[in-house]
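Have a look at the structure below before the remarks.
The values are calculated or read from the model by the stated rules, or taken from the named source; none is laboratory data. Since the model is a prediction, treat every value here as computed from it, not as a measurement. Note: ideal-geometry Cβ built from the backbone for every residue, glycine included; neighbour counts use all protein chains shown. Heads up: the accessible areas ignore ligands, DNA and RNA and are worked out on the full protein's heavy atoms, side chains in. Shrake-Rupley method; radii C 1.70, N 1.55, O 1.52, S 1.80 Å.
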Amino acid sequence: MMVVGIVAVCAVLLVLAFLVPRLSRHPERGTQRTLGLGSRAGGKAPGVLGRLFSKPFRSSSKAVGKSGSAGRRARGNMPF
């Protein structure tokens, strides 16, 4: 269920970054901040479990950042 949510957020950020690049940064940072909270909470588990619980949040945050930057980069490459 979480994977579907992250894919949906990435798609929305990609479209938002393509249409209005400046206004897409705030939702992107908010999403990354929320995922960072999950990563920090998962990292409090002891030992290897902490790394395992925080990894999905870290990779999701990375995916959100990449989708936002890809939309802005695509907008910058447009001929008009």
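General remarks:
- Boolean, Gly50 is in a helix (DSSP H, G or I) and either in contact with a Ser or Thr (Cβ under 6 Å, 6 or more places away or on another chain) or surrounded by fewer than 17 Cβ atoms within 10 Å (Cβ to Cβ) (or both): yes
- Residue satisfying all of: in the stretch 26-46; of a type in the set (A, V, I, L, M) and surrounded by fewer than 18 Cβ atoms within 10 Å (Cβ to Cβ); nearest to the chain's Cα centre (by Cα) among these: Leu37
- Checking the stretch 40-48 against the condition returns no match, with no residue being under 12 Å from Val64 (Cα atoms) and either touching an Asp or Glu at 6+ places or on another chain (Cβ under 8 Å) or not hydrophobic (A, V, I, L, M, F, W, C) (or both).
- Sub-6 Å Cβ pairs linking a first residue in the stretch 22-51 that is free of Cβ contacts under 8 Å to residues at least 12 places away in the same chain to a second residue that is surrounded by 13 or more Cβ atoms within 10 Å (Cβ to Cβ) and outside any helix (DSSP H, G or I), at least 6 apart or interchain, are Gly50/Gly43, ordered by first then second residue.
- Val3 being open to solvent by 90 Å² or more (accessible area, probe 1.4 Å), among the β-branched types (Val, Ile, Thr) and at pLDDT 95 or above: no
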